[in-house]
1. Closer than 23 Å to Ile10 by Cα, more than 13 Å from ligand 1 (Cβ to nearest atom), among the β-branched types (Val, Ile, Thr) and modelled with pLDDT of 95 or more, is that true of Ile73?
2. Tell me, which residue of region 56-67 that is surrounded by fewer than 17 Cβ atoms within 10 Å (Cβ to Cβ) and touching a residue at least 40 places away in the same chain (Cβ under 8 Å) is nearest to ligand 1 (Cβ to nearest atom)?
3. Suppose we keep only residues that are of a type in the set (Gly, Ala, Ser) and not in a helix (DSSP H, G or I) within region 145-159. Which one would you say is surrounded by the fewest Cβ atoms within 10 Å (Cβ to Cβ)?
4. Could you tell me whether region 160-180 includes any residue that is modelled with pLDDT under 90, closer than 25 Å to Asn76 by Cβ, in the same structural domain as Ala208 (by TED's automatic domain parsing) and surrounded by fewer than 21 Cβ atoms within 10 Å (Cβ to Cβ)?
5. Would you confirm whether or not region 20-40 contains a residue that is of a type outside the set (Gly, Ala, Ser), surrounded by fewer than 19 Cβ atoms within 10 Å (Cβ to Cβ), more than 16 Å from the chain's Cα centre (by Cα) and under 27 Å from Gly207 (Cα atoms)?
6. Condition (residue is more than 22 Å from Tyr231 (Cα to Cα), at pLDDT 90 or above, more than 7 Å from ligand 1 (Cβ to nearest atom) and not charged (D, E, K, R)) applied to region 39-55: is it met by at least one residue?
7. Tell me whether region 44-58 contains one or more residues that are in contact with a helix residue (DSSP H, G or I) (Cβ under 6 Å, 6 or more places away or on another chain) and within 16 Å of ligand 2 (Cβ to nearest atom).
Amino acid sequence: MSDSNTLLKINNLSVQYKTDDALIQALSSVSLEINKGMTFGLVGETGAGKTTIAKSIMRLIATPPGRITGGEILYNGSDLLKLSQQEMQRVRGAEISMIFQDPMTALDPVMTVGRQIAEVVEIHEKCSAAQAFVKANQMLEMVGIPETRANEYPHQFSGGMKQRVVIAIALACNPNLLIADEPTTALDVTVQRQILDLLLAISSESGAAIMLISHDIAVVTNVCERVLVMYHGRIVEELPTARLQESARHPYTRALIASVPDMATDKSRPLATISGRPPAVLTDPDGCAFADRCEFATERCVTSRPDLVPAGEKHKVACWHPQPAGPAIAEPVALPSGGGRCAENHVLDALGGVKENIRFTEAVRPRTGLEVPICSNCEAIFGRGAFPPMTRFQTDL
Ligand SMILES: Nc1ncnc2c1ncn2[C@@H]1O[C@H](COP(=O)(O)OP(=O)(O)OP(=O)(O)O)[C@@H](O)[C@H]1O
Ligand code: SF4
Ligand SMILES: [Mg+2]
């Protein structure tokens, strides 16, 4: 049951696409919750399933090839998947709006921008054409375009201005939730910041919740209160953005953070990359989908899939060996001879020793063959905050 502050709650959403030669499992049991007025970021590599979540909420998954095979999408408590087409038509735009990635294709090239905004207002607010035009002009001003340009066509606008028009259309009926799917990817970097600032300003003024979809964790960090990391059709970590640097514990999340260039503090640091590729979308591995690329993978990771479980306050992670909390980028330090704490904070003696009935066991990493210490109590990897703990252990060998 959702509480009164919950705007949207997705429970166990699964989506498949069936093409002539393949069945693609795009989403597997995805659950998430958005509170009223919240700014929420969805991050992941290409093909992770981000747009599929957005289109499912908007009921824009074309069937065929797509099919929602399970789950529910509760908006203010009622399941969007059970609404009639007519009821859903009202939800789109008036309650939930979506900004698509490419403003060039989102606008009609033969209609003035003012007319395009007014049309949406007229349909949803059932007002006269004159009233709709007044509102369209107000919306243009709100996104920083003078109303004197309302009678111009999309080709007369720059990319950033076109995206502002798209945002004006999306906001014309005061939606409670705005889904922005990679809204700045097609724009120059200088314009990207302006558009993100605009989204933020609008959210705080109108109280609309924002779901920002991006492959760039840095973009989401700048804009959102919460971040949700996706990998291969599943959510692997969710936590408050303010604690992302210090508290992220999934190896994939930490690798995403480490791959963001930090020009302010360390220009000499080589940019970290995540080797390998996500598994083919046709396969739904028995174990963790990240195992092939994860330097902490053990046998258990390959054979059994970790669930998304609580990992702290407002924090969930799906990993058998969550990494120790601490900066995602740190210098390796030596393994203390007297032992330490595992990532779950269990007190441990030196390798092989016993303390408080908890000890290190050894496991073999399939990718490197190196032996690593693992807590026998919770199976978390040894560490005291620095990342990656494996580097620290290796320096001691
Ligand atoms: N219409 C479709 N027909 C077949 N497969 C599809 C279709 N739409 C999406 N897929 C597949 O579903 C998976 C998830 O796609 P989705 O577009 O949701 O990913 P994404 O995270 O938004 O990626 P990107 O960052 O590239 O936009 C991908 O493997 C994709 O190829
Ligand atoms: S440690 Fe295991 S479960 Fe965790 S991300 Fe790596 S492969 Fe997946
Ligand atoms: Mg996408």
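1. Numbers: closer than 23 Å to Ile10 by Cα: yes; more than 13 Å from ligand 1 (Cβ to nearest atom): yes; among the β-branched types (Val, Ile, Thr): yes; modelled with pLDDT of 95 or more: yes.
Here the answer is yes, as Ile73 does meet what is asked.
2. Looking only at region 56-67, we keep the residues that are surrounded by fewer than 17 Cβ atoms within 10 Å (Cβ to Cβ), and these are 60, 62-65, 67.
With touching a residue at least 40 places away in the same chain (Cβ under 8 Å) added as a condition, the list becomes 64-65, 67.
Values: Pro64: 9, Pro65: 4, Arg67: 11 Å.
Per the criteria, the residue is Pro65.
3. So in region 145-159, the residues of a type in the set (Gly, Ala, Ser) come out as 150, 158-159.
If we keep only those that are not in a helix (DSSP H, G or I) too, we end up with 150, 158.
On the way: Ala150: 21, Ser158: 11.
Among residues in region 145-159 that are of a type in the set (Gly, Ala, Ser) and not in a helix (DSSP H, G or I), the one surrounded by the fewest Cβ atoms within 10 Å (Cβ to Cβ) is Ser158.
4. Checked against the condition, which is being modelled with pLDDT under 90, closer than 25 Å to Asn76 by Cβ, in the same structural domain as Ala208 (by TED's automatic domain parsing) and surrounded by fewer than 21 Cβ atoms within 10 Å (Cβ to Cβ), region 160-180 yields at least one hit.
5. So far as region 20-40 goes, yes, one or more of its residues are of a type outside the set (Gly, Ala, Ser), surrounded by fewer than 19 Cβ atoms within 10 Å (Cβ to Cβ), more than 16 Å from the chain's Cα centre (by Cα) and under 27 Å from Gly207 (Cα atoms).
6. As a first pass, look at region 39-55 and keep what is more than 22 Å from Tyr231 (Cα to Cα): none.
No, region 39-55 has no match at all.
7. Within region 44-58, one or more residues are in contact with a helix residue (DSSP H, G or I) (Cβ under 6 Å, 6 or more places away or on another chain) and within 16 Å of ligand 2 (Cβ to nearest atom).
The values are calculated or read from the model by the stated rules, or taken from the named source; none is laboratory data. Just so it is clear, the structure is predicted and the values come from calculations on it, not from any experiment. Counting neighbours? That spans all protein chains shown, and the Cβs are built from the backbone with ideal geometry, glycine included.
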